[in-house]
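Read through the structure below, which is laid out as C-alpha cells, and then see the notes.
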Ligand SMILES: [Zn+2]
C-alpha cells in the first residue's frame, strides 16, 4: 500500500500533460478548416444577408476587446445545420466569433465603433442596394463596423447627391427667420412642421426636406446641415 500513490500519480499525469507538444495541449478546432475556409463555406451555406446578420448578432455590447455572446436560438438552429454538413466546424461561440464577426465584402474583422450616420441622408432604393452590396457594415448606429465599409458609404453618398440629399430647397433664409421668428404665423409653421420653435437659433434657415420615406416637410438648417430634431 502506498499512501502517497494517488497524489503521486496525479502529479505524473500533470507532468505528462506538460510534456505534450504545445498544439496538443490546446483545444484547437479546426483540424482541417481554417477561419478563412469557415467564412467561405458559411457564406456559401447561408448567403450574404444571413451571414451578415449572424456576424452582427454575435455580440451584445460594444466591448473592446470584443466579447462574444451565446448564439441566439435562430443562430443555433442554423449552426446545427451547418455542422451537420461540415462536422469539423467549431461549436463554441468563442471559436466561431473571431471567424465570423467579419466583413465579407472587405475580408476584414469588424471593429468597435459606429457606421456613418448622417442625419440628412435621404433614403432611396439605390442607397439600400449599394449598402447591401458595397458597404454592409458601414452605415448606421452599429456597435461594430468595418472601416472600409464606412469609407465606402461616405464616398457613395458624396458621389450620389441626387439620391442622398434630404435638403431640397430653402424656404426662409437666416435674415428672414431672425426678423420673423416671433410672428404667430411662423410659430404655427414650425408647429405644423414638427420643428421645436424655441430651439431655432439666429443664423438658422428653414428648408424643404424629403426624407425619401414618404414624408416631405420642413426642417431647420444650421451651417448648411439639417439640425436633428430630438423628441
Ligand atoms: Zn466592409
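Go through 145-155, 183-193 and give me the packing order, highest mean Cβ count within 10 Å leading.
Per-residue Cβ counts within 10 Å, averaged per peptide and sorted highest first, yield 145-155, 183-193.
In whole angstrom, note down how far apart the Cα centers of the range 143-208 and the range 96-123 are.
27
Quick one: Debye curve from the alpha-carbon atoms of the range 111-165 only, equal weights, vacuum; give me log10 I(q)/I(0) at q = 0.22, 0.26 Å⁻¹ to two decimals.
These q points yield log10 I(q)/I(0) values of -0.74, -1.01.
Note down the nm distance, to one decimal, between modelled labels 7 Å out along Cα→Cβ at residue 40 and at residue 94.
The answer from the label model is 2.9 nm.
Using the beta-carbon distance between residue 183 and residue 213 and R0 = 22 Å, what value does 1/(1 + (r/R0)^6) give for FRET efficiency, to the nearest 0.05?
It comes to 0.10.
Name all residues of the range 67-107 having a backbone nitrogen under 19 Å from the label point set 7 Å from the Cα of residue 151 along its Cα→Cβ direction, giving them as ranges.
102-107
With N set to the number of residues, divide the alpha-carbon radius of gyration of the range 39-154 by 2.2 N^0.38 Å and report two decimals.
1.09
Which FRET efficiency, nearest 0.05, do residue 168 and residue 134 yield, Cβ-Cβ r, R0 41 Å?
Efficiency, rounded to the nearest 0.05: 0.95.
Name the shape class, rounded, prolate or oblate, that the alpha-carbon gyration tensor gives for the range 166-226, where a ≥ b ≥ c are the square roots of its eigenvalues, rounded holds for a/c under 1.5, and otherwise prolate holds if a/b is larger than b/c and oblate otherwise.
oblate
Report, in whole Å, the centroid distance computed from the Cα atoms of the range 31-69 and the range 74-91.
One Cα centre to the other: 12 Å.
Based on the Cβ-Cβ distance from residue 160 to residue 222, what FRET efficiency comes out when R0 is 22 Å, to the nearest 0.05?
0.40
Quick note: the coordinates plus some simple rules give every number you see, no bench work behind them. Everything quoted here is computed from the prediction, not taken from an experiment. Using ideal geometry, Cβ is built from the backbone for each residue, glycine included, and neighbour counts are taken over all protein chains shown.
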